[in-house]
């Protein structure tokens, strides 16, 4: 196992004040190695997305440390976090969240506009990832002119175009039909296999989870198991809490 | 980034157009009010402060006896006095474009009192020498295509006489081009045609020093206090503005209207921008997730509002300039003051600055709130 690119240490996340306190994550520990493909499962409200947001540094833990690519993100202020996210995080949303006024090409190019790349270099990168997601012929289409599966592939291209350290996917197939979902999952599998992308994917769908190499089950704020049973959603998930350290 | 700003602007074309239109109307109104205020502002008129106008105390409708001329000349500190009588004849026809000011005067004293009128010495001499001659302002001569030696016919409307005049000189006024829209001819010629009634509309006095103006005014009014035709004496500025003052405190009124318009347009624009920003809550959170910082987000949102402000401002200023130009042409025959009605650069800049300020503030306020908003909060709206 290579060095962990994601390290969660005693992380708790609590929402609300004293009167309405909800502990979403409780003293969690987790390590994800570089090149891993992790499926994070669990019922609604179990804290999956919260965990993903903490890794992406769009949210901060109440206690504990989140270390991604060797950086304790809680040590960075907001102005330092933005370029850090740009460099290390690729985020894929359930509802794609493409910018509707930009074409597929422009959506993919968008994160690169923050870099100092020349327009020729940007073009080369965008065309490469559009080729990887098999959407070269749709590059001039606006999101409304694409199917759900195509939109999600554009979103994946946008997430990987900056070559981030970690790819985070929040229910990437949750809004797709079976065929499109399968296409997206195969693409993610390919990104992991061929391009060695570290992927952490939140999903409700056991079939989607099967594409991952590692399965984590999250329930009531705790990480429970790291087994194929968790991916299948069987009782094995309800065994003892799993310390990933 | 520029592409994103531009595309977002065109995202909802109707809303963008309506916002620009509200700004355009607001800026146009502000510029028109500003131009009117400038026209009415004593400090903005080119009227001389050491010229005193003496007219009938009751109304300009009534003439004064010609005999007052020499008596006014005898006043201390008065250097020269020139009579001006409004003829008000019809040139060609009664259409407004053919209307212009026509005064019977004494050429020699007129050129002394109105030393800001510039005329070639040869032309002045020719005018002085010929009773039937007249001089015209350059702007008016250009408008009607008059050349030296041309004759014009003025059909009397106030007076039962017609005048046939020959152009002997063209004068300019580099300080105030509006003064170039009038003609001056020999009052003697008009008097003779009328049978020498010995009447004068107004007397214009040149005072030797500014500080002596109040004393001259007081002395002039006192001189004729018990006469049949009492006079009112005032500075040229006060005379010009007497028309305007009849309309009340226009400065306060226009200022209040302008302020109300700008505040209203600000709220309209700010509300529209706030709505537009709120609708993009999720998109903005996505941008932040992609690595866009608060500065980028604030920059994009403010830039959008600034573009709206600039476009609205430019359109408003253009519209105001056009409207004022048309109004000056149409209204100058009603009130000479409107001859100077124009959009000056300082008012145009004020309009543009107001539009840009409104745009910038309208983008900054919701943009700042959105830039500081938690990413998770924005993303949660979709999930």
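Annotations for the structure displayed:
- Each of A:118, B:227 has some number of other Cβ atoms within 10 Å of its Cβ, and from fewest to most they run A:118, B:227.
- Förster-model FRET efficiency, 41 Å R0, residue B:71 and residue B:166, C-beta, rounded to 0.05: 0.80
- Principal axis dimensions, largest first and in whole angstrom, of chain A by Cα: 50, 40, 39
- Overall form of segment A:51-183 per C-alpha gyration tensor (a/c, 1.5; a/b vs b/c): oblate
- Angle between chain A longest axis and helix A:178-195 axis [Cα atoms, degrees, rounded to 10]: 90 degrees
- Cα shape, segment B:212-303, gyration tensor, a/c 1.5 rule: prolate
- Normalised Debye scattering of chain B at q = 0.10, 0.11, 0.13 Å⁻¹ gives log10 I(q)/I(0) of -0.74, -0.83, -1.02, counting only Cα atoms as equal scatterers and leaving out solvent.
- Convex hull (Cα only) mean projected area of the protein assembly as shown, reported in nm² to one decimal: 41.2 nm²
- FRET efficiency for the pair residue B:1 and residue B:174, taken as 1/(1 + (r/R0)^6) with r the Cβ-Cβ distance and R0 = 41 Å, rounds to 0.25.
- Ordering B:235, B:322, A:198 by the number of other Cβ atoms within 10 Å of each residue's own Cβ, fewest first, gives B:322, B:235, A:198.
- Sequence of B:69, B:127, A:224 once ranked by neighbouring C-beta atoms within 10 Å, starting from the fewest: B:69, A:224, B:127
- Average other protein chain Cβ within 10 Å of Cβ, residues A:84-96: 3
- For segment B:257-383: rounded, prolate or oblate by the Cα gyration tensor [a/c cutoff 1.5]: prolate
- Residue A:20-residue B:322 FRET efficiency (beta carbon distance; Förster radius 45 Å; 0.05 resolution): 0.15
- Segment residue B:115..residue B:380, full-extension length gain: 87.7 nm, with 0.36 nm per residue of separation and the alpha-carbon distance subtracted.
- Relative contact order (percent, whole number), chain A, Cα cutoff 8 Å, 6+ residue spacing: 27 percent
- Two-site label geometry, residue B:158 and residue A:144: point separation in nm, points 7 Å out along Cα→Cβ: 6.7 nm
- Tilt relative to chain B, helix B:213-223 - C-alpha long axis, 0 to 90 degrees, to 10: 40 degrees
- Between helix B:250-279 and chain B: long-axis angle, C-alpha atoms, 0 to 90°, nearest 10: 20 degrees
None of the figures in this text is laboratory data; all of them are computed from the coordinates on show. Keep in mind that this is a model prediction, so the values were computed, not measured. Here the Cβ is made from the backbone with ideal geometry for all residues, glycine too, and neighbour counts use every protein chain on show.
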